[in-house]
Structure formats: C-alpha cells, structure tokens
Amino acid sequence: MGCGVSSKVLPEPMEPPLKKKNPYYVKLIQAMVPVQFSSQPTQCKEEFWGLQEEPCRAQDQEHKLQSKKSQVARYRAKFDPRVTARYDIKALIGRGSFSRVVRVEHRATRQPFAIKMIETGAKEGREVCESELNILRRVSHHYIIQLIEVFEARDRVYMVMELATGGELFDRIIAKGSFTERDATKVLQMVLDGISYLHGLGITHRDLKPENLLYYHPGADSKILVTDFGLANSGNKGGDWSMRTICGTPEYIAPEIILRRPYSNGVDMWALGVITYILLSGSMPFEDENRTRLYRLILKGKYSYMGDPWPNVSNLAKDFIDRLLTVDSSDRLSASDALKHSWIKTMAASSSMKNLHRSISQNMKLRVSSRCHSSKSEHSSKSGQSNKSRRIREREMAERNLRYQAHTVNNDLL
C-alpha cells in the first residue's frame, strides 16, 4: 500500500497537545522567577501571567498518572502490531488533524525515536504522506532529520524518525546566557550544510524557520537538525524544478512567492536571511500584524539595522544578511556560496565577540508582548472570533512570556 499520488496541499500544523494544567512547568517557573499568576492568562502589561496549578494531593497525582497511562494505552491500541512489537509507545508529543507523533523506545536497544502516524484514508492524509515520505526516503545527512523505517498499513503509515530532544533553536539561545556572532556562524554552518545538500538533490524545503531547526540533544555540543518536510518540493517528473505553489510562513516568505511567480530554491535562502537577522537581534526584519502591509515590506526588501544590538554587529554579518535578503532572487546567495562567505567561513573571526544575549532576549520578549497586545485588540474588534481559538492563542503567548522572562531573569542572577 502506498501513500498515493495527488496535488500538493499545505500540511496541517504539528503542535504539541495543549494541556489545561501543567504543574511541572509552573513549578519550574516559580522556582526561577517571581511571577504573578491568574486563572485568566489574558493580561500582558509589565507582568507576565500564567496558569497556576492547585496543590496536588497524593491521590490526585496517582489519578493523573493513571490517566496518562490510559492515554498511552489508547494510542498503543491504535498502532499496528508490527510497530508495537518493535517499539514501546511512551507518550504523545504532537498531533495534527490527521496525524499523531509519539515518543517511542526501541524494545531491543532502548534507543528513543519519534513515530509519526498518518491517517491515509482521507485524501489530505495521503497528500501529506506523499509530500513528506518521498523526500525523507531520499535524504541522508548529518544535519537533517533522519527517517529510520516505515510501516505501511491499510489506512495508516508509520514513519519512524530520529527524536530531537534538545529543543528549538531560540529556546536554547535564551537559556544559554551568552550568544555571540561566532555562535551564530556555528549554527548557520550546520543549517547551510544541510540546505546545500538538499538543494544539490533538487529539494527545496519551503518552510525554513527557527521552529523547524531543532537541537538533537540537550548537550552543549549538539548538532542542529533541519526538520518538517511537509511543504518540501523536489520538482516533477517532467524535470521542471520551478515551483508555483503559494506556501510557507508569512514572515519568511520570499518576494517571488508573494508575486505568484515561478520560483526556485532561492526561497530557502531568503528564509535563511530572515533567520540570520533574528539570530543576531531577536527581532524580525519584516513584521506587521496586517498581512498586506507585511507583504509590501517584503516586496520592497525594506528592513533596517536600527536599535540594539545592531551597533555591536559587524559589517560582515550585515553584508551576509543583505546578500540573502535580496529581492531579486538571481542576485541572492546560493547555499554553497553562503558557506563560502567570509563571515561564515572564518566563523566571524574578525567580528567582535560581544555578548548579544541581553539584547536578543529583550527584543524577543518585547515581540511576544506586542503580539499579545495585538491579539487582545483584534479580539475586541472582531466579536465573532472563536473564544476557544482566542484562549489557546492567549495561553501560548502567556507561556512563551513566562519562558522568556524566566530565562532572562535567571541569567541576570548568575
């Protein structure tokens, strides 16, 4: 049984399952920074708000443990016996409208992996399977998430993949306490190496962003993995490598996509320019809550190096960004050329080793707070908006605020 061949669609977002209560997360934050808590995490002023768990009695903890075991048992029962014979299902770590991602452990080696279970009975599921599986079967690279094996059933496909446990790129930067241009070039060398490999195979990722760059393990020497190939493209059978599908994440979309022109793997290099800008500053080069105004900024290639920490960033680093955020894709650096750029090749040897961490953290925190305010304003002007969607968004903003505030204050105390 195969995944089927069909036209490309946008895959559903893979988000970790939201829980109404998370006592472990809250207790960690409480231990690191004084935070004012509320049962309504809708305030975003000077304080950072969140949800607080009531003190748990022993029987409550036992009940939650049993509930978690029951949830795992339910998912285990849904899996093909061939899968459960080889892998022990440990926990649900992500879900989409027609897929689930679980953390598993190989029964023989005890090595952890992730399994993405895609429901292929529906057309959308088959299309996502077609898009991602065909790409992952072709790639094998140190800095790209690796497909281990595949189990195919009647209406499901199980993709066993490497498990990245080191967290997202920017969460690591915030937690680190120190970040220099040299640190940025180390990250970019790994990402560019992986992207250069993909482009050499005729594969364009099309959704490069910080959330899709994960550390393999929590250690300081961890590699970066490029993940999430749900939007990736590898040309067609006629040998046409130009693309036309409008897809990607708005703040990272290249001008040629917005203009609905045929485009190439240069869209990945534009996205890497955006990522580099954020890496060095904690802010976005193009940002506006209004999608139309955002796209106008992108089409003009209008961004600036005003404000902290840009006075402390080298001209060579800025030149690297400028040569990626070039509106004309034919003038944009390729992945192989980007690896040869002096700033990357010398690992910022001629740049100042000034710690940019404080400015990056503050700019990220301000951005999250600003988006939270915008969400409240949007809700007041659009009374028909779903209350459930609003609560989920506000909770996400509140929890991210908590994480950024905790890391910042904790590092200030060190």
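The values are calculated or read from the model by the stated rules, or taken from the named source; none is laboratory data. Here the structure is a predicted model, which means the values were calculated and not measured. Heads up, the Cβs are rebuilt from the backbone with ideal geometry, glycines too, and the neighbour counts pull from every protein chain shown.
Which numbered condition trips up M306, out of (1) in a loop (DSSP other than H, G, I, E, B); (2) of a type in the set (A, V, I, L, M, F, W, C); (3) crowded, with 16+ Cβ neighbours inside 10 Å?
So M306 meets the others, but not (3).
Determine if segment 140-160 includes at least one residue that is within 15 Å of the chain's Cα centre (by Cα), under 20 Å from I321 (Cα atoms) and modelled with pLDDT of 90 or more.
Checked segment 140-160: no residue is within 15 Å of the chain's Cα centre (by Cα), under 20 Å from I321 (Cα atoms) and modelled with pLDDT of 90 or more.
For the structure I just gave you, tell me whether I321 is more than 26 Å from T180 (Cα to Cα), under 22 Å from the mean Cα position of the chain (by Cα), of a type in the set (V, I, T) and in a helix (DSSP H, G or I). Working first, answer last.
Working: more than 26 Å from T180 (Cα to Cα): no; under 22 Å from the mean Cα position of the chain (by Cα): yes; of a type in the set (V, I, T): yes; in a helix (DSSP H, G or I): yes.
So I321 fails the test.
Considering only residues of segment 258-284 that are without any contact (Cβ under 8 Å) to a residue 60 or more places away in the chain and surrounded by fewer than 22 Cβ atoms within 10 Å (Cβ to Cβ), which is nearest to T185 (Cα to Cα)?
Residue satisfying both the conditions and the ranking: I258.
Looking at segment 218-251 only, could you name the residues that are modelled with pLDDT of 90 or more, over 15 Å from the mean Cα position of the chain (by Cα) and surrounded by 14 or more Cβ atoms within 10 Å (Cβ to Cβ)?
S222, K223 - these are the residues of segment 218-251 that are modelled with pLDDT of 90 or more, over 15 Å from the mean Cα position of the chain (by Cα) and surrounded by 14 or more Cβ atoms within 10 Å (Cβ to Cβ).
Out of R138, R82, which single residue is in a loop (DSSP other than H, G, I, E, B) and either in contact (Cβ under 8 Å) with a residue 24 or more places away in the chain or charged (D, E, K, R) (or both)?
R138
Would you check which residues across segment 91-100 are surrounded by 15 or more Cβ atoms within 10 Å (Cβ to Cβ) and either in a strand (DSSP E or B) or more than 18 Å from the chain's Cα centre (by Cα) (or both) and list them?
Result: L92, I93, G94, R95, F98, S99, R100.
What is the one condition in (1) part of a loop (DSSP other than H, G, I, E, B); (2) modelled with pLDDT under 95 that V327 does not satisfy?
Among (1) part of a loop (DSSP other than H, G, I, E, B); (2) modelled with pLDDT under 95, V327 violates only (2).
Report yes if S361 is in contact with a Phe, Trp or Tyr (Cβ under 9 Å, 6 or more places away or on another chain), at negative phi and among the polar types (S, T, N, Q), otherwise no.
yes
A quick yes/no check of all residues on (1) in contact with a helix residue (DSSP H, G or I) (Cβ under 6 Å, 6 or more places away or on another chain); (2) basic (K, R); (3) modelled with pLDDT under 90; (4) over 17 Å from M159 (Cα atoms):
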{"residue": "Q52", "(1), (2), (3), (4)": "yes, no, yes, yes"}
{"residue": "P55", "(1), (2), (3), (4)": "no, no, yes, yes"}
{"residue": "A85", "(1), (2), (3), (4)": "no, no, no, no"}
{"residue": "I93", "(1), (2), (3), (4)": "no, no, yes, no"}
{"residue": "G96", "(1), (2), (3), (4)": "no, no, yes, no"}
{"residue": "S99", "(1), (2), (3), (4)": "no, no, yes, no"}
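Mind checking whether some residue in segment 366-374 is in a helix (DSSP H, G or I), at pLDDT 95 or above and surrounded by fewer than 20 Cβ atoms within 10 Å (Cβ to Cβ)?
no
If a residue must be surrounded by 19 or more Cβ atoms within 10 Å (Cβ to Cβ) and more than 17 Å from T227 (Cα to Cα), how many such residues does segment 101-118 contain?
Selection size over segment 101-118: 1.
Within the set of pairs 6 or more residues apart or between chains, which connect a residue that is within 14 Å of L324 (Cα to Cα) inside segment 298-312 to a residue that is small (G, A, S) with Cβ atoms less than 8 Å apart?
Note: pairs meeting the criteria are I298/A254.
Looking at (1) crowded, with 19+ Cβ neighbours inside 10 Å; (2) at positive phi; (3) in contact with a Pro (Cβ under 9 Å, 6 or more places away or on another chain), find the lone condition where A348 falls short.
Only one criterion is unmet by A348, namely (3).
Quickly run through segment 144-194 and pick out the residues that are hydroxyl-bearing (S, T, Y) and either crowded, with 20+ Cβ neighbours inside 10 Å or free of Cβ contacts under 8 Å to residues at least 40 places away in the same chain (or both).
Within segment 144-194, Y158, T185 meet the criteria.
Residue-by-condition table, conditions (1) modelled with pLDDT of 95 or more; (2) not basic (K, R):
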position	(1), (2)
E287	no, yes
F320	yes, yes
E378	no, yes
S383	no, yes
K388	no, no
